[in-house]
Amino acid sequence: MAVQQQPTQVVTVMTSGQSPGTWSTGLCDCCSDMGTCCCGYWCFPCMQCQTAGDFGWCCCMPLLDVCCVVSCILRSSIRERHDIPGSCCDDCCKLFWCYPCVWCQMNRELKIRNNRGGAHTSVVTTQVISA
């Protein structure tokens with residue numbers, strides 16, 4: 001009797017340590033992280049570049065932010081990655097009315113999520129059965 005190696009499939013499952021569904025801080029919670037608040041006040045472009053870099057983007061992307069397009073895309077991407085509900089329209093309105101506050105909130109969110117270790121990884125091996 002011959003022994004045959006059955007094909008297997010490896011699936012990596014990422015689970016987040018942060019509960020989905022909410023921003024960790026509010027839009028006007030600048031006092032919850034004075035470092036971000038001061039950086040945003042004294043050197044706003046530096047904070048924007050740091051935020052983009054922390055998210056994994058090129059740190060120069062915010063310098064190309066014409067009509068808040070880059071800001072809207074970044075905020076939407078942060079929401080999608082961390083399962084935070086919202087809409088592009090909501091993001092654009094918040095950016096239009098409170099641009100620096102939105103950037104500070106995104107910076108705080110990435111700091112908090114990255115400090116918590118982000119996601120836990122587990123590997124699940126399944127066997128593929130072919131007929």
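Computed from the coordinates by the stated procedures, all read-outs in this text should not be read as laboratory data. Treat the numbers as computed from the prediction; the structure is a model and nothing was measured. Glycine also receives a Cβ, built like all others from the backbone with ideal geometry; neighbour counts cover every protein chain displayed.
Table for the structure above
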quantity	calculated
Residue pairs meeting the criteria (Cβ under 6 Å; at least 6 apart or on separate chains; first of a type in the set (F, W, Y), in the range 81-104; second part of a helix (DSSP H, G or I))	W103/Q48
Any pair with Cβ under 6 angstrom, 6 or more apart, that starts in the range 41-56 at a residue that is surrounded by 13 or more Cβ atoms within 10 Å (Cβ to Cβ) and ends at one that is small (G, A, S) and part of a helix (DSSP H, G or I)	M47/G40
